[in-house]
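K.L.:
The structure's right below; bear with me while I get my questions together.
Every number here is computed from the coordinates shown, using simple stated rules; none is lab data. All values derive from a computational prediction rather than experimental measurement. In this analysis, Cβ positions are derived from the backbone assuming ideal geometry, glycine residues included, and neighbour counts consider all displayed protein chains.
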């Protein structure tokens, strides 16, 4: 009987030890994972990954140190907000992916091989195995003009039709629903316009209107949440500028 009790106690002791080891290992992994995730924000702030010694094209600090032309102050602030949004968004996404044990990693195009400096189409690249998912990030006030410039290749600003080639058009959180609604509305108008032109025998104009309608439909599917509001993007740069 004593032998049975002794063996039982030994088994309980071993089970307890194994449980403690498992708990300690899980805690260590959790701490390490959250620590690595947190380091992504420091990398974005300083522009250096101290684990790999890699230096990045821009950091939040370097953006905040950029000079603001008094004659173009508002324009410069918005440009800084755009750059800050890219850097902050990459940091946040990588941190979230690490915490959630997800495979994708994100980088600005300037920090990705094959894109070079100031790529005209791609701002952010999502890397997953051998696949790259490209994004253009736009923080603007004139939403209708931007979408028209992309879908129709015309507008008060530049021709941004090249952005149709990216996988995603990332916009401020508060603009997602409205911009998708604009795309649906314009697509419907242009489709109806195309039918009218077709019935009038104006085939070339009808085809052009239908193509633009299809571009709006494609654009609606590309519009995604950048993960930041316009105010947050501006505040990131503003806070660092006043703090430096």
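K.L.:
Sort 198, 180 by Cβ crowding within 10 Å, fewest neighbours at the top.
P.N.:
Fewest to most other Cβ atoms nearby, the residues stand as 198, 180.
K.L.:
What fraction of the Cα pairs in region 125-244, stated in percent, has a spacing above 18 angstrom?
P.N.:
Looking at region 125-244, the distances longer than 18 Å represent 58 percent of pairs.
K.L.:
Fewest Cβ neighbours within 10 Å first, please rank 170, 220 accordingly.
P.N.:
Listed from fewest to most nearby Cβ atoms, that is 220, 170.
K.L.:
Another question, then. If you rank 119, 50 by fewest surrounding Cβ atoms within 10 Å, what's the result?
P.N.:
Final ranking by Cβ density, sparse to dense: 50, 119.
K.L.:
Convex hull volume of the Cα atoms in region 157-198, per residue, in Å³?
P.N.:
Considering the Cα atoms of region 157-198, their hull volume per residue is 114 Å³.
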